[in-house]
Amino acid sequence: MGEKFWTYAMEEMSYPDVQEILKTTDIVLIPIGSQEKHGPHIPLACDSWATIETTKRGAYKAEVPYTPLIPVGYSPHHMGKMGQGIGGLTFTGETLRRIVYEIGKSLVFHGFNKLIFTSQHASNTKVVDEALRRLRYETGAFVAWYMTPTERRTQVINHLLEEKVGWHSGEMETSQCLAYKAEACHMDRANAHKAHAPAILGEAFAKTDGVPTVIFQGTENIFIPMEHHEYVEDATIGDPHLASAEKGEKIYEAASDNLRDFIYEVRKMKVEIKTREYDFRAF
């Protein structure tokens, strides 16, 4: 641990601050969110808020910098029907890969050796593997994608939840939004829902959550590219009435503790940078 800085947000630093923090750490966090349809009771920015709040707290606890949030991710299945006015935004996978790769190249160019991308939007993970591998193969940097607790990966916060999975707009995400900005939430609109298989599939299929698979003959070995509105009403899976701002605060604390502990382990790692060149940064 080195000298504490007045901020760990890189956007608030001047360049001498970046130079100074590089003397104490070679780790940087890169938060990537989404803007997509959630339940009618919480904002489109839910995943972005959860990502940046967990990232910020983890960064301050571990004393490492974090970049500005990328507020759009890979969300084609959350766009709804044309002309509905849902308000979601999506990058193609190709665009998101370029963003991940080029931000990574920029940070290695400046002297960072260990890049931790953070996101609560699970679908971002579907398309970024190639970009993360290319960064590692080209530069030698340590590269990781850290998912904040969400969907079936809620083990570090399960003691705080009645719903033991963190699905869409239910107990976990509603609590996070209430803790982040309660005035943007509309709990009078909240409704509990369960997922179901898209109607087109017929009675032989079932679905219980938001993973991109369906249950057939007791197994989930079938991947189908589905639209979110085809398998859940109002973009809600779970019961938002179980949520509270107090619970959201505890979730952020437990999640950022987990991120902090991961950063501590990454700090121990030795990496050898092959090159920091970024000659093709303009075209």
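Residues in the range 138-162 that are in a loop (DSSP other than H, G, I, E, B) and surrounded by fewer than 18 Cβ atoms within 10 Å (Cβ to Cβ): GLY140, ARG152, GLU162.
For GLU53, the conditions (1) touching a Phe, Trp or Tyr at 6+ places or on another chain (Cβ under 8 Å); (2) under 19 Å from ILE103 (Cβ atoms) all hold with the exception of (2).
Counting only residues that are of a type in the set (A, V, I, L, M, F, W, C) and either closer than 30 Å to ALA190 by Cβ or in a helix (DSSP H, G or I) (or both), how many does the range 240-283 have? It would help to see each step written out before you state the result.
Pass one, the range 240-283, residues of a type in the set (A, V, I, L, M, F, W, C): 242-243, 245, 251, 254-255, 259, 262-263, 266, 269, 271, 273, 280, 282-283.
Remaining after also requiring either closer than 30 Å to ALA190 by Cβ or in a helix (DSSP H, G or I) (or both): 242-243, 245, 251, 254-255, 259, 262-263, 266.
Residues meeting the conditions: 10.
Of the residues making up the range 262-283, those that are modelled with pLDDT of 95 or more and either of a type outside the set (Asp, Glu) or open to solvent by less than 70 Å² (accessible area, probe 1.4 Å) (or both) number 14. Only a single criterion out of (1) touching a Phe, Trp or Tyr at 6+ places or on another chain (Cβ under 9 Å); (2) at pLDDT below 95; (3) farther than 24 Å from THR90 by Cβ is not satisfied by GLY210, namely (3). Among the residues that make up the range 210-226, is at least one of them of a type in the set (A, V, I, L, M), under 18 Å from GLN155 (Cα atoms) and either outside any helix (DSSP H, G or I) or open to solvent by 40 Å² or more (accessible area, probe 1.4 Å) (or both)? Checked against the condition, which is being of a type in the set (A, V, I, L, M), under 18 Å from GLN155 (Cα atoms) and either outside any helix (DSSP H, G or I) or open to solvent by 40 Å² or more (accessible area, probe 1.4 Å) (or both), the range 210-226 yields at least one hit. Applying a threshold of 7 Å to beta carbon distances and a minimum spacing of six or more residues, or different chains, the list of pairs starting in the range 77-103 at a residue that is in a helix (DSSP H, G or I) and ending at one that is open to solvent by 70 Å² or more (accessible area, probe 1.4 Å) reads ARG97/GLU130; TYR101/ARG134.
Checking each residue in the range 119-133 for being out of contact with any strand residue (DSSP E or B) (no Cβ under 9 Å at 6 or more places or on another chain) and under 20 Å from ALA50 (Cα atoms) picks out SER123, LYS126. Filtered by the rule that a residue be part of a loop (DSSP other than H, G, I, E, B) and either in contact with a helix residue (DSSP H, G or I) (Cβ under 6 Å, 6 or more places away or on another chain) or not β-branched (Val, Ile, Thr) (or both), the range 163-192 gives GLU163, LYS164, TRP167, HIS168, SER169, GLY170, CYS185, HIS186, ALA190, ASN191, ALA192. Applying the set (1) in contact (Cβ under 8 Å) with a residue 40 or more places away in the chain; (2) surrounded by 15 or more Cβ atoms within 10 Å (Cβ to Cβ) to SER106 leaves exactly one unmet item: (2). Of the residues contained in the range 89-99, none is found to be closer than 26 Å to LYS268 by Cα and surrounded by fewer than 17 Cβ atoms within 10 Å (Cβ to Cβ). If you go through the range 2-33 and pick out every residue that is in a helix (DSSP H, G or I) and open to solvent by less than 50 Å² (accessible area, probe 1.4 Å), you end up with 4. Hey, any hits in the range 176-184 for a residue that's over 19 Å from the mean Cα position of the chain (by Cα), acidic (Asp, Glu) and open to solvent by 10 Å² or more (accessible area, probe 1.4 Å)? Yes, the conditions are met somewhere in the range 176-184.
Could you please let me know if GLU227 is out of contact with any Pro (no Cβ under 9 Å at 6 or more places or on another chain) and in contact (Cβ under 8 Å) with a residue 60 or more places away in the chain? When the stated conditions are applied, GLU227 does not pass them.
The values are calculated or read from the model by the stated rules, or taken from the named source; none is laboratory data. These numbers were taken from a predicted model, which means no experiment stands behind them. Reconstructed Cβ throughout: ideal geometry from the backbone, glycine too, with neighbour counts over all protein chains shown. These area figures cover heavy atoms from the full protein model, side chains too; ligands, DNA and RNA do not enter into them. Shrake-Rupley method; radii C 1.70, N 1.55, O 1.52, S 1.80 Å.
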